[in-house]
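> Dropping a structure here in structure tokens format, bear with me for questions.
The values are calculated or read from the model by the stated rules, or taken from the named source; none is laboratory data. None of these values were measured; they are calculated from a predicted model. Here Cβ is always computed from backbone atoms with ideal geometry, including for glycine, and neighbour counts include all displayed protein chains. Just the protein is used for accessible areas: all its heavy atoms, side chains included, with ligands, DNA and RNA removed. Shrake-Rupley method; radii C 1.70, N 1.55, O 1.52, S 1.80 Å.
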Amino acid sequence: MSKDKCALITGATSGFGLASARKLASEGWDLIITGRREERLQKLAKELEGQVRVFVCVLDVRDNEAVKEMAEKVGSFTRHINLLVNNAGLALGREPAYEAKHEDWQTMIDTNVTGLVNVTHAILPKLMQSAPATIVNLSSVAANWPYPGSHVYGASKAFVSQFSKNLRCDLAGKGVRVTSLEPGMCETEFSLVRFGGDQQAADKVYEGVKAMKAEDIADIIYWIATQPPHININTIEVMAEQQAWSNFQVVRG
Ligand SMILES: NC(=O)C1=CN([C@@H]2O[C@H](COP(=O)(O)OP(=O)(O)OC[C@H]3O[C@@H](n4cnc5c(N)ncnc54)[C@H](OP(=O)(O)O)[C@@H]3O)[C@@H](O)[C@H]2O)C=CC1
Ligand SMILES: O=CCS(=O)(=O)O
């Protein structure tokens, strides 16, 4: 069994999770990669196995029984988990609340809130046994700043940010750091998923903007995880240089 550092990444099939897997592998970290799309996980494992040990686990974070099973199974791969990247998540839709589908709201809550809680609860004992360790929770600028069409997505990320701070309170002095990472616009499959597979609508989001890339976020995650053990990065909000806040809207009668 390896004594090297080991990271568990949820949502490693795309975007931040995929880029983080590559970054961490290039730095010698063993990996537990999870997500629902098995083919992508196997392809990634093949790519990285020359560099580090990789454990593949097909997992829907919404299914708490499956999450608990995964936490059991990883015991055969590693005795320690030094980094949990709680990354699996999604937005669905950009229409106003009164046109949104209830089903989409439920899926965002089930994934971004319940899924993240499921994984944290199952893996926390292993992180504590492995201290020093780090949890990086993928929140969003949408947790901090309202915008039209963000309704449940932004609210689910506000949960992630506050949960991160509350976890910090309980874990202080126990060697497990917690960071709420709050990125703005990043070009990944995020918008493609948000717009139900409409590539044109997704491309429009990034038109004329040098958006951040998944690799930028992976570098930040790696930096957070490799701070000296006595330092906790509480929150990082990060945006593309071309993105900033806008003014209040006024609806005139
Ligand atoms: N891109 C952006 O602009 C920003 C994104 N974020 C957040 O960062 C995180 C990653 O997003 P990003 O990489 O951009 O998006 P992607 O769509 O590229 O990746 C999302 C990942 O989440 C996984 N996922 C989604 N639902 C589930 C589920 N039920 N169970 C397990 N895995 C799941 C997907 O895997 P699979 O489908 O195979 O299960 C995929 O690997 C998300 O939480 C997102 O909200 C935050 C701020 C900005
Ligand atoms: O979390 C994603 C960033 S945004 O689309 O809400 O600005």
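> List, in order, the whole-Hz ³J(HN,Hα) value for each residue of the range 220-235 obtained from phi through the Karplus relation with A = 6.51, B = -1.76, C = 1.60 and θ = phi - 60°; use x for Gly and Pro.
Values per residue, Gly and Pro as x: 5, 4, 5, 4, 4, 6, 10, 5, x, x, 7, 10, 10, 7, 6, 9 Hz.
> Something else now. Multiply the residue gap between Glu207 and Ser26 by 0.36 nm, knock off their C-alpha separation, and tell me the result in nm, one decimal place. Could you put the intermediate results ahead of the total?
Working: separation 181, 0.36 × 181 = 65.16 nm, distance 3.11 nm.
Difference between extended and current length: 62.0 nm.
> Moving on. Please list, in chain and number order, the residues 5+ apart from Thr235 or on another chain whose amide H is under 5 Å from its amide H, with Hs placed from the backbone.
Here the answer is Ser180, since their amide H atoms fall under 5 Å of that of Thr235.
> Helix-derived [θ] at 222 nm for the chain: sum -39500 (n - 2.57) over DSSP H runs of at least 4, divide by residue count, nearest 500? Working shown, then result.
Numbers: 9 runs with 100 residues, N = 253.
Computed mean residue ellipticity for the chain: -12000 deg cm²/dmol.
> Calculate the FRET efficiency for Gln129 and Gln200 from the Cβ-Cβ distance with a Förster distance of 51 Å, rounded to the nearest 0.05. Intermediate results must be reported in sequence, preceding the final value.
Details: r = 48 Å, r/R0 = 0.95.
Given R0 = 51 Å and the Cβ-Cβ separation, E is 0.60.
> On the protein heavy atoms, probe 1.4 angstrom, tell me the percent of accessible surface of the chain carried by carbon and sulfur. Could the numbers behind the result be given before it?
Details: 6660 of 12910 Å².
Ligands and nucleic acids excluded, carbon and sulfur give 52 percent.
> Also: Short version: ³J(HN,Hα) in whole Hz for each residue of the range 188-204, in order, from phi by Karplus 6.51 cos²θ - 1.76 cosθ + 1.60 (θ = phi - 60°), x for Gly and Pro, what are they?
9, 7, 3, 6, 4, 5, 4, 9, x, x, 7, 5, 4, 5, 5, 4, 4
> Would you mind working out the magnitude of the charge dipole of the chain relative to its Cα centre, with +1 at each Lys and Arg C-beta and -1 at each Asp and Glu C-beta, to the nearest 20 Debye? Mind dumping the intermediate values first?
Numbers: 27 positive and 29 negative charges, 130 e Å.
The calculation lands at about 620 debye.
> With each pseudo-label sitting 7 Å past Cα toward Cβ, what's the Gln106-Asp63 distance in nm, one decimal?
Each label point is offset 7 Å from its Cα along the Cβ direction, giving 1.8 nm.
> Right, another one. With every protein chain left in place, what is the accessible area per residue of the chain in square angstrom, probe 1.4 Å?
Here the residues of the chain average 51 Å² of exposed surface.
> Please compute the modelled spin-label separation between Gln249 and Asp216, points set 7 Å along Cα→Cβ, answer in nm with one decimal.
Label-label distance for Asp216 and Gln249, simple model: 2.6 nm.
> Oh, and also: Got a sec? What order do His151, His102 fall in by accessible area at 1.4 Å, biggest, i.e. largest, first? Could the numbers behind the result be given before it?
Working: His151 50, His102 130 Å².
Reading off the accessible areas and sorting them downward yields His102, His151.
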